[in-house]
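What follows is a short report on a single structure.
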Amino acid sequence: MEDFMSEMSEEELDLACRALARTIARSQRVVVLTGAGISVSAGIPDFRSKGGMWTRYDPKVYANYNNFLAHPEMFWKMSTELRVATSNKQPTKAHFALERLQRMGKLSSLITQNVDNLHQLSGVENVIELHGTGKICHCIQCDYKGNIDVVLPQHIVPWIDIPRCPVCGALIKLDVVLFGEPLQSDNFQRAFTAASSADVFLVIGSSLEVMPANQLPRRAKMSSSTVAFINKSSTRYDDFTDYTLRGDSDVLVPKLVDYVAKYMDSLCMDNFIDIVTFPLKVISSPFDALTQFVTFVAKWATPVKVEEDIPKQLVDSSEVVEQALTNPITHQVEKKRSKSEERKAEDKVMEEINQSLRLRSTEIPKESQLFN
(Lines give C-alpha, C1' and ligand atoms only; values in the text may rest on other atoms or scores of the structure.)
Protein backbone atom coordinates (compact mmCIF):
# COMPACT_ATOMS: atom_id res chain seq x y z
CA MET A 1 0.00 0.00 0.00
CA GLU A 2 1.27 3.47 -0.90
CA ASP A 3 2.84 5.53 1.85
CA PHE A 4 1.00 8.77 2.56
CA MET A 5 3.25 10.26 5.24
CA SER A 6 3.99 13.28 3.02
CA GLU A 7 0.32 14.28 2.88
CA MET A 8 0.38 16.06 6.24
CA SER A 9 2.83 18.77 7.24
CA GLU A 10 4.29 19.01 10.73
CA GLU A 11 1.97 21.92 11.48
CA GLU A 12 -1.08 19.98 10.30
CA LEU A 13 -0.11 16.97 12.38
CA ASP A 14 0.37 19.13 15.44
CA LEU A 15 -3.02 20.80 15.01
CA ALA A 16 -4.69 17.42 14.48
CA CYS A 17 -2.97 16.03 17.60
CA ARG A 18 -4.16 18.98 19.67
CA ALA A 19 -7.73 18.71 18.42
CA LEU A 20 -7.89 14.95 19.05
CA ALA A 21 -6.23 15.39 22.46
CA ARG A 22 -8.86 17.93 23.49
CA THR A 23 -11.59 15.44 22.57
CA ILE A 24 -9.89 12.64 24.50
CA ALA A 25 -9.35 14.86 27.55
CA ARG A 26 -13.10 15.53 27.71
CA SER A 27 -14.08 11.90 27.17
CA GLN A 28 -14.59 9.13 29.71
CA ARG A 29 -14.10 5.97 27.61
CA VAL A 30 -11.32 5.73 25.02
CA VAL A 31 -11.05 2.43 23.15
CA VAL A 32 -7.93 1.66 21.09
CA LEU A 33 -7.47 -0.93 18.32
CA THR A 34 -3.86 -1.71 17.38
CA GLY A 35 -2.40 -3.57 14.42
CA ALA A 36 1.01 -4.74 13.30
CA GLY A 37 2.21 -1.22 12.54
CA ILE A 38 2.62 -0.35 16.20
CA SER A 39 5.18 -3.15 16.68
CA VAL A 40 7.34 -2.63 13.59
CA SER A 41 9.87 -0.43 15.40
CA ALA A 42 10.27 -3.21 17.99
CA GLY A 43 11.76 -5.36 15.23
CA ILE A 44 8.61 -7.34 14.41
CA PRO A 45 7.90 -7.09 10.65
CA ASP A 46 4.47 -6.17 9.35
CA PHE A 47 2.88 -9.29 7.83
CA ARG A 48 1.51 -7.50 4.77
CA SER A 49 4.22 -4.96 3.96
CA LYS A 50 7.11 -5.49 1.58
CA GLY A 51 9.38 -8.14 3.07
CA GLY A 52 6.66 -9.20 5.51
CA MET A 53 5.89 -12.81 6.38
CA TRP A 54 3.03 -13.09 3.89
CA THR A 55 5.46 -12.46 1.02
CA ARG A 56 7.23 -15.72 1.94
CA TYR A 57 4.33 -17.75 3.30
CA ASP A 58 1.02 -17.67 1.46
CA PRO A 59 -1.48 -17.17 4.31
CA LYS A 60 -4.18 -19.07 2.42
CA VAL A 61 -1.91 -22.13 2.68
CA TYR A 62 0.39 -21.79 5.69
CA ALA A 63 -2.12 -19.99 7.94
CA ASN A 64 -5.16 -22.01 6.91
CA TYR A 65 -6.77 -24.17 9.58
CA ASN A 66 -7.78 -27.04 7.30
CA ASN A 67 -4.29 -27.15 5.82
CA PHE A 68 -2.87 -27.23 9.37
CA LEU A 69 -4.90 -30.37 10.09
CA ALA A 70 -3.60 -32.03 6.93
CA HIS A 71 -0.02 -30.68 6.93
CA PRO A 72 0.90 -29.36 10.39
CA GLU A 73 4.57 -29.21 9.42
CA MET A 74 3.80 -26.27 7.07
CA PHE A 75 2.20 -24.30 9.89
CA TRP A 76 5.09 -24.99 12.24
CA LYS A 77 7.63 -23.94 9.62
CA MET A 78 5.97 -20.51 9.46
CA SER A 79 5.30 -20.37 13.21
CA THR A 80 8.96 -20.99 14.03
CA GLU A 81 9.88 -17.85 12.10
CA LEU A 82 7.09 -15.96 13.89
CA ARG A 83 8.44 -17.17 17.22
CA VAL A 84 11.94 -15.97 16.39
CA ALA A 85 10.58 -12.61 15.14
CA THR A 86 8.66 -11.95 18.37
CA SER A 87 11.17 -13.41 20.83
CA ASN A 88 12.92 -11.05 23.28
CA LYS A 89 11.26 -7.97 21.79
CA GLN A 90 10.45 -4.92 23.92
CA PRO A 91 7.45 -2.56 23.77
CA THR A 92 7.78 0.57 21.65
CA LYS A 93 7.28 4.21 22.63
CA ALA A 94 3.72 3.95 21.35
CA HIS A 95 3.05 0.91 23.57
CA PHE A 96 4.28 2.74 26.67
CA ALA A 97 2.30 5.86 25.74
CA LEU A 98 -0.91 3.80 25.71
CA GLU A 99 -0.02 2.38 29.11
CA ARG A 100 0.34 5.95 30.35
CA LEU A 101 -3.06 6.80 28.87
CA GLN A 102 -4.55 3.93 30.88
CA ARG A 103 -2.89 5.19 34.09
CA MET A 104 -4.42 8.61 33.36
CA GLY A 105 -7.84 6.96 33.52
CA LYS A 106 -8.73 7.49 29.86
CA LEU A 107 -8.05 4.14 28.20
CA SER A 108 -10.99 1.89 29.05
CA SER A 109 -10.27 -0.96 26.58
CA LEU A 110 -7.37 -1.97 24.35
CA ILE A 111 -8.10 -4.34 21.47
CA THR A 112 -5.20 -5.74 19.45
CA GLN A 113 -4.80 -7.81 16.30
CA ASN A 114 -1.22 -8.58 17.33
CA VAL A 115 -0.01 -11.81 18.91
CA ASP A 116 3.32 -10.46 20.21
CA ASN A 117 2.31 -9.79 23.87
CA LEU A 118 3.97 -6.34 23.81
CA HIS A 119 0.96 -4.52 25.25
CA GLN A 120 1.04 -6.77 28.31
CA LEU A 121 4.79 -6.23 28.65
CA SER A 122 4.24 -2.45 28.61
CA GLY A 123 1.88 -2.79 31.57
CA VAL A 124 -1.51 -2.40 29.88
CA GLU A 125 -4.17 -4.46 31.66
CA ASN A 126 -7.14 -6.41 30.29
CA VAL A 127 -5.95 -6.56 26.67
CA ILE A 128 -8.48 -8.06 24.24
CA GLU A 129 -6.45 -10.24 21.85
CA LEU A 130 -8.62 -10.72 18.76
CA HIS A 131 -6.21 -13.08 17.02
CA GLY A 132 -4.86 -14.89 20.06
CA THR A 133 -1.28 -15.00 21.31
CA GLY A 134 1.94 -16.54 20.08
CA LYS A 135 3.11 -17.18 23.64
CA ILE A 136 0.66 -20.01 24.38
CA CYS A 137 0.09 -23.43 22.78
CA HIS A 138 -3.16 -25.35 22.99
CA CYS A 139 -4.51 -28.75 22.04
CA ILE A 140 -7.10 -28.79 19.25
CA GLN A 141 -9.15 -31.49 21.04
CA CYS A 142 -8.87 -31.19 24.81
CA ASP A 143 -8.48 -28.20 27.13
CA TYR A 144 -4.72 -28.47 27.51
CA LYS A 145 -2.77 -25.20 27.27
CA GLY A 146 0.84 -24.41 28.04
CA ASN A 147 3.52 -21.75 27.64
CA ILE A 148 5.31 -22.21 24.32
CA ASP A 149 8.75 -22.17 25.98
CA VAL A 150 7.68 -25.09 28.19
CA VAL A 151 5.78 -27.07 25.57
CA LEU A 152 8.33 -26.45 22.81
CA PRO A 153 11.87 -25.87 24.08
CA GLN A 154 14.10 -23.99 21.66
CA HIS A 155 16.06 -27.11 20.63
CA ILE A 156 12.95 -28.84 19.23
CA VAL A 157 12.34 -28.47 15.48
CA PRO A 158 8.52 -28.56 15.34
CA TRP A 159 8.13 -29.02 11.58
CA ILE A 160 10.12 -32.26 11.94
CA ASP A 161 8.97 -33.40 15.38
CA ILE A 162 5.29 -32.44 15.13
CA PRO A 163 4.12 -31.30 18.61
CA ARG A 164 1.50 -33.51 20.25
CA CYS A 165 -0.65 -32.99 23.31
CA PRO A 166 0.86 -34.63 26.42
CA VAL A 167 -2.68 -35.34 27.67
CA CYS A 168 -4.56 -36.81 24.70
CA GLY A 169 -1.97 -37.05 21.91
CA ALA A 170 -3.81 -34.75 19.48
CA LEU A 171 -2.15 -31.97 17.48
CA ILE A 172 -0.96 -28.85 19.28
CA LYS A 173 -0.92 -25.41 17.69
CA LEU A 174 -0.09 -21.87 18.74
CA ASP A 175 -3.03 -20.11 20.36
CA VAL A 176 -3.48 -17.89 17.29
CA VAL A 177 -6.50 -17.67 15.01
CA LEU A 178 -5.97 -19.18 11.56
CA PHE A 179 -7.97 -18.43 8.43
CA GLY A 180 -11.09 -20.58 8.36
CA GLU A 181 -10.72 -21.59 12.00
CA PRO A 182 -13.77 -21.72 14.30
CA LEU A 183 -13.64 -18.81 16.72
CA GLN A 184 -14.57 -18.44 20.34
CA SER A 185 -17.00 -15.54 20.27
CA ASP A 186 -16.06 -14.23 23.73
CA ASN A 187 -13.25 -11.86 22.72
CA PHE A 188 -15.10 -10.57 19.68
CA GLN A 189 -18.22 -9.80 21.68
CA ARG A 190 -16.10 -7.97 24.26
CA ALA A 191 -14.48 -5.96 21.45
CA PHE A 192 -17.79 -5.04 19.83
CA THR A 193 -19.29 -4.07 23.19
CA ALA A 194 -16.26 -1.88 23.93
CA ALA A 195 -16.53 -0.22 20.50
CA SER A 196 -20.24 0.42 21.06
CA SER A 197 -19.67 2.20 24.38
CA ALA A 198 -16.62 4.24 23.33
CA ASP A 199 -16.55 8.03 23.42
CA VAL A 200 -13.40 7.91 21.28
CA PHE A 201 -12.33 4.95 19.12
CA LEU A 202 -8.68 5.16 18.07
CA VAL A 203 -7.07 2.87 15.47
CA ILE A 204 -3.26 2.67 15.50
CA GLY A 205 -1.10 0.84 12.96
CA SER A 206 -3.77 -1.31 11.32
CA SER A 207 -4.57 -1.63 7.61
CA LEU A 208 -8.06 -2.88 8.59
CA GLU A 209 -7.96 -5.60 5.94
CA VAL A 210 -9.15 -8.47 8.15
CA MET A 211 -12.62 -9.17 9.53
CA PRO A 212 -14.02 -8.79 12.08
CA ALA A 213 -11.50 -6.20 13.32
CA ASN A 214 -12.28 -3.91 10.39
CA GLN A 215 -15.91 -3.74 11.53
CA LEU A 216 -15.04 -2.24 14.92
CA PRO A 217 -14.57 1.38 13.72
CA ARG A 218 -17.87 1.09 11.86
CA ARG A 219 -19.58 -0.16 15.00
CA ALA A 220 -18.12 2.72 17.01
CA LYS A 221 -19.28 5.23 14.40
CA MET A 222 -22.80 3.76 14.48
CA SER A 223 -22.79 4.46 18.22
CA SER A 224 -21.83 8.14 17.67
CA SER A 225 -18.21 7.70 18.80
CA THR A 226 -15.42 9.97 17.65
CA VAL A 227 -13.28 7.80 15.34
CA ALA A 228 -9.59 8.54 14.71
CA PHE A 229 -6.84 6.75 12.77
CA ILE A 230 -3.08 6.98 13.31
CA ASN A 231 -1.40 5.22 10.41
CA LYS A 232 1.43 5.58 7.93
CA SER A 233 -0.81 4.48 5.07
CA SER A 234 -4.40 5.03 4.02
CA THR A 235 -7.18 2.50 4.59
CA ARG A 236 -10.50 1.95 2.86
CA TYR A 237 -12.26 3.30 5.95
CA ASP A 238 -10.54 6.70 6.13
CA ASP A 239 -13.51 8.60 4.68
CA PHE A 240 -15.70 8.28 7.76
CA THR A 241 -13.07 9.14 10.38
CA ASP A 242 -13.22 12.34 12.40
CA TYR A 243 -9.42 12.58 12.67
CA THR A 244 -6.75 11.02 10.45
CA LEU A 245 -3.09 11.40 11.39
CA ARG A 246 -0.47 10.20 8.92
CA GLY A 247 2.86 9.35 10.49
CA ASP A 248 4.96 7.20 12.78
CA SER A 249 3.04 5.89 15.79
CA ASP A 250 6.18 6.13 17.96
CA VAL A 251 6.12 9.89 17.35
CA LEU A 252 2.41 10.65 17.19
CA VAL A 253 1.03 8.51 20.04
CA PRO A 254 3.40 9.85 22.76
CA LYS A 255 2.81 13.37 21.44
CA LEU A 256 -0.95 12.84 21.56
CA VAL A 257 -0.83 11.55 25.14
CA ASP A 258 1.33 14.52 26.19
CA TYR A 259 -1.30 16.90 24.84
CA VAL A 260 -4.07 14.92 26.56
CA ALA A 261 -2.26 15.34 29.88
CA LYS A 262 -1.92 19.10 29.33
CA TYR A 263 -5.58 19.50 28.38
CA MET A 264 -6.61 17.45 31.40
CA ASP A 265 -4.62 19.86 33.59
CA SER A 266 -6.41 22.73 31.88
CA LEU A 267 -9.80 21.11 32.55
CA CYS A 268 -8.80 20.66 36.20
CA MET A 269 -8.12 24.40 36.33
CA ASP A 270 -11.54 25.05 34.80
CA ASN A 271 -13.16 22.78 37.39
CA PHE A 272 -11.36 24.62 40.17
CA ILE A 273 -12.62 27.93 38.79
CA ASP A 274 -16.12 26.46 38.65
CA ILE A 275 -15.94 25.56 42.33
CA VAL A 276 -14.60 28.97 43.33
CA THR A 277 -17.12 30.93 41.28
CA PHE A 278 -20.17 28.73 41.86
CA PRO A 279 -21.38 30.71 44.92
CA LEU A 280 -21.22 33.87 42.82
CA LYS A 281 -23.22 32.15 40.09
CA VAL A 282 -25.88 31.14 42.61
CA ILE A 283 -26.22 34.73 43.78
CA SER A 284 -26.16 36.38 40.36
CA SER A 285 -27.94 33.72 38.30
CA PRO A 286 -29.53 31.01 40.46
CA PHE A 287 -31.41 29.29 37.62
CA ASP A 288 -28.28 28.90 35.45
CA ALA A 289 -26.31 27.64 38.44
CA LEU A 290 -28.97 25.05 39.23
CA THR A 291 -29.02 23.93 35.59
CA GLN A 292 -25.22 23.49 35.62
CA PHE A 293 -25.36 21.49 38.85
CA VAL A 294 -28.13 19.17 37.58
CA THR A 295 -26.22 18.60 34.31
CA PHE A 296 -23.06 17.71 36.22
CA VAL A 297 -24.87 15.24 38.49
CA ALA A 298 -26.73 13.64 35.58
CA LYS A 299 -23.50 13.18 33.64
CA TRP A 300 -21.73 11.26 36.38
CA ALA A 301 -24.74 9.40 37.79
CA THR A 302 -25.95 7.86 34.53
CA PRO A 303 -25.06 4.13 34.62
CA VAL A 304 -23.14 2.61 31.72
CA LYS A 305 -25.31 0.15 29.84
CA VAL A 306 -23.67 -2.83 28.18
CA GLU A 307 -25.11 -5.26 25.73
CA GLU A 308 -25.96 -8.76 26.83
CA ASP A 309 -23.30 -11.32 26.08
CA ILE A 310 -24.05 -13.69 23.27
CA PRO A 311 -23.88 -17.41 24.07
CA LYS A 312 -20.33 -18.67 24.55
CA GLN A 313 -20.00 -21.10 21.69
CA LEU A 314 -17.67 -21.78 18.82
CA VAL A 315 -18.83 -19.97 15.67
CA ASP A 316 -17.29 -18.86 12.40
CA SER A 317 -15.89 -15.31 12.27
CA SER A 318 -18.53 -14.17 9.77
CA GLU A 319 -21.25 -15.30 12.17
CA VAL A 320 -19.56 -13.40 15.01
CA VAL A 321 -19.63 -10.21 12.95
CA GLU A 322 -23.24 -10.70 11.88
CA GLN A 323 -24.40 -11.48 15.40
CA ALA A 324 -22.52 -8.59 16.98
CA LEU A 325 -23.66 -6.09 14.35
CA THR A 326 -27.32 -7.09 14.62
CA ASN A 327 -27.52 -6.75 18.42
CA PRO A 328 -29.87 -3.88 19.36
CA ILE A 329 -27.98 -0.63 19.81
CA THR A 330 -30.89 1.82 19.91
CA HIS A 331 -30.43 2.53 23.61
CA GLN A 332 -26.70 3.17 23.04
CA VAL A 333 -27.39 5.67 20.22
CA GLU A 334 -29.95 7.50 22.37
CA LYS A 335 -27.47 7.61 25.25
CA LYS A 336 -24.81 9.12 22.96
CA ARG A 337 -27.23 11.78 21.68
CA SER A 338 -28.18 12.67 25.23
CA LYS A 339 -24.51 12.87 26.16
CA SER A 340 -23.85 15.16 23.16
CA GLU A 341 -26.61 17.52 24.25
CA GLU A 342 -25.24 17.55 27.80
CA ARG A 343 -21.77 18.40 26.50
CA LYS A 344 -23.14 21.29 24.42
CA ALA A 345 -24.96 22.68 27.47
CA GLU A 346 -21.84 22.24 29.59
CA ASP A 347 -19.67 23.96 26.97
CA LYS A 348 -22.11 26.88 26.87
CA VAL A 349 -22.02 27.30 30.65
CA MET A 350 -18.22 27.02 30.69
CA GLU A 351 -17.93 29.69 28.00
CA GLU A 352 -20.13 32.06 30.01
CA ILE A 353 -18.00 31.51 33.12
CA ASN A 354 -14.77 32.03 31.18
CA GLN A 355 -16.06 35.27 29.66
CA SER A 356 -17.06 36.51 33.09
CA LEU A 357 -13.68 35.65 34.55
CA ARG A 358 -11.79 37.34 31.74
CA LEU A 359 -13.65 40.54 32.53
CA ARG A 360 -12.85 40.29 36.24
CA SER A 361 -9.21 39.30 36.14
CA THR A 362 -6.22 39.18 33.84
CA GLU A 363 -4.30 36.75 36.06
CA ILE A 364 -5.90 33.55 34.71
CA PRO A 365 -3.59 32.09 32.00
CA LYS A 366 -4.96 31.80 28.51
CA GLU A 367 -5.03 28.41 26.76
CA SER A 368 -2.26 29.49 24.38
CA GLN A 369 -0.02 30.19 27.38
CA LEU A 370 -0.77 26.79 28.94
CA PHE A 371 0.54 24.91 25.93
CA ASN A 372 3.58 26.93 24.89
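The values are calculated or read from the model by the stated rules, or taken from the named source; none is laboratory data. Treat the numbers as computed from the prediction; the structure is a model and nothing was measured. Using ideal geometry, Cβ is built from the backbone for each residue, glycine included, and neighbour counts are taken over all protein chains shown.
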Worksheet item: Got at least one residue in region 139-158 being buried (at least 18 other Cβ atoms within 10 Å of the Cβ) and within 19 Å of A213 (Cβ to Cβ)?
Response: no
Practice prompt. Report yes if some residue within region 66-74 is under 20 Å from N114 (Cβ atoms) and either in the same structural domain as I162 (by TED's automatic domain parsing) or among the polar types (S, T, N, Q) (or both); otherwise report no.
Written response: no
Item to complete: Just name the residue that is surrounded by the fewest Cβ atoms within 10 Å (Cβ to Cβ) out of those in region 163-199 that are in a loop (DSSP other than H, G, I, E, B) and of a type in the set (D, E).
Response: E181
Discussion item. Quick check on this structure: which one of S225, S206, S234 is touching a residue at least 40 places away in the same chain (Cβ under 8 Å) and either touching a Gly at 6+ places or on another chain (Cβ under 8 Å) or within 18 Å of P254 (Cα to Cα) (or both)?
Written reply: S206
Worksheet item: Which members of region 176-209 meet the condition of being within 21 Å of K145 (Cβ to Cβ) and touching a Lys or Arg at 6+ places or on another chain (Cβ under 7 Å)?
Response: S185, D186
Discussion item. Part of a helix (DSSP H, G or I), within 21 Å of the chain's Cα centre (by Cα) and buried (at least 21 other Cβ atoms within 10 Å of the Cβ): is that true of A16 in this structure?
Written reply: no
Worksheet item: Among the residues of region 214-235, is there at least one that is out of contact with any helix residue (DSSP H, G or I) (no Cβ under 9 Å at 6 or more places or on another chain) and more than 20 Å from M8 (Cα to Cα)?
Response: yes
